[in-house]
Amino acid sequence: MKPYRDFADFLGEHFKGKVQKIAVNAGFTCPNRDGTKGRGGCTYCNNKSFNPGYCAPALSVAEQLEQGKAFFARKYPEMKYLAYFQAYTNTHSDDIDRLMTLYEEALAVDDVVGLIIGTRPDCMPQQLLDRLAALSAWVMVEYGAESAHDSTLERVNRCHTWADTADAVTRTHAAGLPTGLHLIMGLPGEDEAMMLETIDRVNELPVDTVKIHQLQLIRGTRLARDVEEGLYDIPRFTAEEYADLCVKLLHRLRSDIALERFVSQSPPELLIYPKWNLKNYQFTNLLHNRLKL
């Protein structure tokens, strides 16, 4: 028996058979990049660190999905797919009709059975939520919350607040859509007590899934420059220390919330810290062993 509810358990409640996410880059930007709310983006962010090779805005949404399908179908020919609008803020547009056209293009691709839309909690107008809820397809919204502490969000230039997160999650749940949160552990200025407090605040919301990962120091980001210049430092977890933190988070998290992941991996040429040299499954094994202690 697994020591917690994971994302496969969550998907198994909604779909029969194997379902795989395919990341899509629809060419969006972010409101804290384009001047709508700020400039420069989140201080830790370099989108090159997590976009797969087939995920390029030069290709249409349908073309990206077909390339992603070709990648996965060799191993699992009966696989179904979720179009994952991942890069940047995928609801950041005043033109809701344009957004719906992109989502519907994805749903028109053979074997695509649903959408996961990654966005910010301050970029979900009620009109868009209502139209997503009216689609005859499975739709999940994943909000980048990162932390429940407004001081941290300001420090890393998120340009939104925890109140924005609570509002967006509450409205999305009320619209009948599954809702996920993305959190980062080890943001500058946060200690363990603050990270655990974020979990407590998550527990108060109607959240279905959570993604957690360690802060990564990435070349070319403002965070990397700030740390190099000594403006502040960040927690320097060993893999074992981070696994111990995840055990505490798991014991704190509401048991019905599914955990999608605990770590993220960036290309070695971009990554400054941490260099654990562990695959995701290896870290998960380490975590499970610590849960048994």
- Item | Subset of segment 215-236 (residues that are among the polar types (S, T, N, Q) and open to solvent by 10 Å² or more (accessible area, probe 1.4 Å)) | GLN216
- Only one of ALA193, ALA239, ALA258 that is more than 30 Å from ALA163 (Cβ to Cβ), open to solvent by less than 70 Å² (accessible area, probe 1.4 Å) and at pLDDT 95 or above: ALA239
- Query: Consider TYR88 against the criteria (1) among the hydroxyl-bearing types (Ser, Thr, Tyr); (2) open to solvent by 50 Å² or more (accessible area, probe 1.4 Å); (3) farther than 24 Å from LYS21 by Cα: it satisfies all of them except one. Which criterion is unmet?
  - Reply: (3)
- Message: For a quick check of your reading of the model, give me the residue pairs whose first member lies in segment 118-135 and is modelled with pLDDT of 95 or more, whose second is surrounded by fewer than 14 Cβ atoms within 10 Å (Cβ to Cβ), with beta-carbon atoms closer than 6 Å and at least 6 apart or on different chains.
- Response: ALA133/GLY176
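Yes/no matrix, rows are residues, columns are (1) surrounded by 22 or more Cβ atoms within 10 Å (Cβ to Cβ); (2) over 17 Å from SER60 (Cα atoms):
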{"position": "LYS80", "(1), (2)": "no, yes"}
{"position": "HIS92", "(1), (2)": "no, yes"}
{"position": "ARG98", "(1), (2)": "no, no"}
{"position": "GLY114", "(1), (2)": "yes, yes"}
{"position": "GLN127", "(1), (2)": "no, yes"}
{"position": "SER136", "(1), (2)": "no, yes"}
{"position": "GLU142", "(1), (2)": "yes, yes"}
{"position": "HIS149", "(1), (2)": "no, yes"}
- In segment 160-183, what count of residues is obtained for those that are in contact with a strand residue (DSSP E or B) (Cβ under 6 Å, 6 or more places away or on another chain) and more than 12 Å from PRO121 (Cβ to Cβ)? 4
- Task: Any chance you could count how many residues in segment 162-173 are surrounded by fewer than 19 Cβ atoms within 10 Å (Cβ to Cβ) and among the aliphatic types (A, V, I, L, M)?
- Result: 2
- Restricting attention to segment 151-161, report how many residues are surrounded by 20 or more Cβ atoms within 10 Å (Cβ to Cβ) and not β-branched (Val, Ile, Thr). 4
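The values are calculated or read from the model by the stated rules, or taken from the named source; none is laboratory data. It should be emphasised that the depicted structure is a prediction, and the values quoted were computed from it without experimental measurement. Cβ: placed from backbone, ideal geometry, glycine included. Neighbour counts: every protein chain shown. The area values use the complete protein model at the heavy-atom level, side chains included, leaving out ligands, DNA and RNA. Shrake-Rupley method; radii C 1.70, N 1.55, O 1.52, S 1.80 Å.
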